């Protein structure tokens, strides 16, 4: 990816806590990472998971429990949450990839609901109250994370690492196969690729990264709640990706920033937020299928030329190189 | 033993609602190629039409004595909701034809959020009881082998009749034949002079009307809540994955049996009752990925 974009991201990340409220920026970064992880699946593999909150929230609970009850250090806690989300992703993924398209979405939604009920009823999760009072602890036993800025730079490092990983996966030969599956699954299969395995690996990576985001969020806010595992959160990450631009690298970040800011600015209107979120969904699907970043890229292309992209977004996430049928 | 029997019957009652909802989902999916995420929201809307009709509507139009009773609600709610559904189809869903199926899922998810959020502003999410249960349906009925709440019995029988009438209409009448043909090949059916776009609109209206009918029937049993649809639709999705959307009778049978299993689980191991349907779904996916009655 463009070197300037990276430099801009890093500089913005370094400066942000001095301009905005650090906890707010940390929330943005956690959800941005969550959306990037989700986009790896939807945007680059063409799989719509409607249960990603299970990995996000599941990891939040596990990290919270590990740090609070077992006294793990924060870095080990996050690693454990990530690994647990990856394992959960392996289970959910291997079931869900047995079906395609909308069935895939329905299966992931239903399986995630099991995780929700476990979080609601299991003895260690705190039921309706969630897991409260998770200590941030000391990173590597040295750096005190109760200090807001220390915590912030840890979150920034995790976000940049995750973002880099997604970019790296997308650009790798492995990522090319994922895109091939998205464009034309039977063709990828007939070329000899073990499509099911590629899908499963993509699912596990995506779930694990979503877990990293959730685990980090649990440390930032020092709690894990039922909202983290609720289907509405699964829906919200879909919206972030769709709004920002499915299948664009930066889209999910922009989408996550927009949706999270919307939530915090509009918190005073109560349940009307749900109406606005729903309406945004409707508008995105009907008028705005490329998303913010996708539309901007298209505008740029129209203005300054560049390769023609016959891309009418009939498929949920068509590649720029999609041929005209 | 008796406890299991009672719970199985209560579960069967719930299963009849699952059947009605998955039936509508299957019909809509067949013709529109859309998985209607808003189905749960229309179920909720049905219940709210009944509630508002009974307690508030008269006041709104300045005739406080006017109460739309349960029987009228049973007729009017599906009509009102069906009309709203047709409007939604005409203005929004129609514009998705030719696009990836997933867009339909996302659009209807948005519609579901709008409806749910709207009602959450005005009504308690913990639920409002529906006070209009008809007097003749109060009390319990002796079924010979057990005592069963009369209203539940009525709701069960009524839903079963509606389900089988729908099955009959789709599988045994001329209209149903056109509908099935439209599912297979809409272009060809249109060439025979059938107004397919109108058929699509009516089908959507009918499907969500069924959901609303289930909502009215559910209103006196559960309390009417803005969230009742969301809880319902996820279970119904699992039912649909288990049964497959290929067969109408398959939807009915799967819905009924899963409701019953859920009911029995409440007695055998209560904590699992809310997840048992999802676990069965996982097992079915391992054994028969296409679903019990499915063809993919």
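For region B:245-274, which positions are surrounded by fewer than 23 Cβ atoms within 10 Å (Cβ to Cβ) and within 13 Å of chain A (Cβ to nearest Cβ)?
B:246, B:265, B:269, B:270, B:271, B:272, B:273, B:274
Go through B:197, B:220, B:226 for me and flag whichever is touching a residue at least 40 places away in the same chain (Cβ under 8 Å), exposed (fewer than 15 other Cβ atoms within 10 Å of the Cβ) and over 30 Å from residue A:95 (Cβ atoms).
None of the other options fit; the residue is B:197.
Among the residues of region B:245-296, which ones are without any contact (Cβ under 8 Å) to a residue 12 or more places away in the chain, farther than 18 Å from residue A:110 by Cβ and assigned to a loop (DSSP other than H, G, I, E, B)?
B:269
Inspect region B:44-64 for any residue being under 19 Å from the mean Cα position of the chain (by Cα) and at positive phi and give the result as yes or no.
Let us first name the residues in region B:44-64 that are under 19 Å from the mean Cα position of the chain (by Cα), namely B:44-51.
Okay, now just the ones that are also at positive phi, so none.
No, region B:44-64 contains no residue that is under 19 Å from the mean Cα position of the chain (by Cα) and at positive phi.
Listed residues B:130, B:103; which is away from chain A (no Cβ under 14 Å), crowded, with 16+ Cβ neighbours inside 10 Å and either part of a helix (DSSP H, G or I) or in contact with a helix residue (DSSP H, G or I) (Cβ under 9 Å, 6 or more places away or on another chain) (or both)? Before the answer, list the steps.
Values: B:103 fails: away from chain A (no Cβ under 14 Å).
Of B:130, B:103, the one residue that is away from chain A (no Cβ under 14 Å), crowded, with 16+ Cβ neighbours inside 10 Å and either part of a helix (DSSP H, G or I) or in contact with a helix residue (DSSP H, G or I) (Cβ under 9 Å, 6 or more places away or on another chain) (or both) is B:130.
Farther than 23 Å from residue A:262 by Cα and either outside any helix (DSSP H, G or I) or within 14 Å of another protein chain (Cβ to nearest Cβ) (or both), is that true of residue A:40? Full working, then the answer.
Numbers: farther than 23 Å from residue A:262 by Cα: yes; either outside any helix (DSSP H, G or I) or within 14 Å of another protein chain (Cβ to nearest Cβ) (or both): no.
Judged against the criteria, residue A:40 is not a match.
If we scan region A:107-115, do we find a residue that is in a helix (DSSP H, G or I), away from chain B (no Cβ under 14 Å), in contact (Cβ under 8 Å) with a residue 24 or more places away in the chain and under 18 Å from residue A:131 (Cβ atoms)?
Of all residues in region A:107-115, those in a helix (DSSP H, G or I) come to A:107-115.
From what is left, the residues that are away from chain B (no Cβ under 14 Å) are none.
Within region A:107-115 (the criterion being in a helix (DSSP H, G or I), away from chain B (no Cβ under 14 Å), in contact (Cβ under 8 Å) with a residue 24 or more places away in the chain and under 18 Å from residue A:131 (Cβ atoms)), the answer is no, since none of the residues qualifies.
Quick check on my filter: what residues within region B:176-189 are farther than 19 Å from residue B:166 by Cα, touching a helix residue (DSSP H, G or I) at 6+ places or on another chain (Cβ under 7 Å) and at pLDDT 90 or above?
Residue satisfying the conditions is B:189 alone.
Please note which helices (runs of 4 or more DSSP H) are completely contained in region A:178-263 and include at least 3 residues that are away from chain B (no Cβ under 14 Å) and modelled with pLDDT of 90 or more.
Details: elements: A:185-190, A:195-221, A:226-229, A:231-244.
It comes to A:185-190, A:195-221.
Take the conditions away from chain A (no Cβ under 14 Å), in a loop (DSSP other than H, G, I, E, B) and within 22 Å of the chain's Cα centre (by Cα) and apply them to residue B:204. Does it pass? Let's see the steps before the verdict.
Numbers: away from chain A (no Cβ under 14 Å): yes; in a loop (DSSP other than H, G, I, E, B): no; within 22 Å of the chain's Cα centre (by Cα): yes.
Against the criterion (away from chain A (no Cβ under 14 Å), in a loop (DSSP other than H, G, I, E, B) and within 22 Å of the chain's Cα centre (by Cα)), residue B:204 does not qualify.
Looking at region B:235-243, is at least one residue assigned to a helix (DSSP H, G or I), under 26 Å from residue B:76 (Cα atoms) and touching a helix residue (DSSP H, G or I) at 6+ places or on another chain (Cβ under 6 Å)? Explain how you work it out, then say what you get.
Step one: of region B:235-243, the residues assigned to a helix (DSSP H, G or I) are B:235-243.
Subset that is under 26 Å from residue B:76 (Cα atoms): B:236.
Going one step further and asking which of them are touching a helix residue (DSSP H, G or I) at 6+ places or on another chain (Cβ under 6 Å), we end up with B:236.
Yes: one or more hits.
The values are calculated or read from the model by the stated rules, or taken from the named source; none is laboratory data. These figures come from a predicted structure and were not determined experimentally. As a convention, Cβ positions derive from the backbone with ideal geometry for all residues, glycine included, and neighbour counts pool all protein chains shown.
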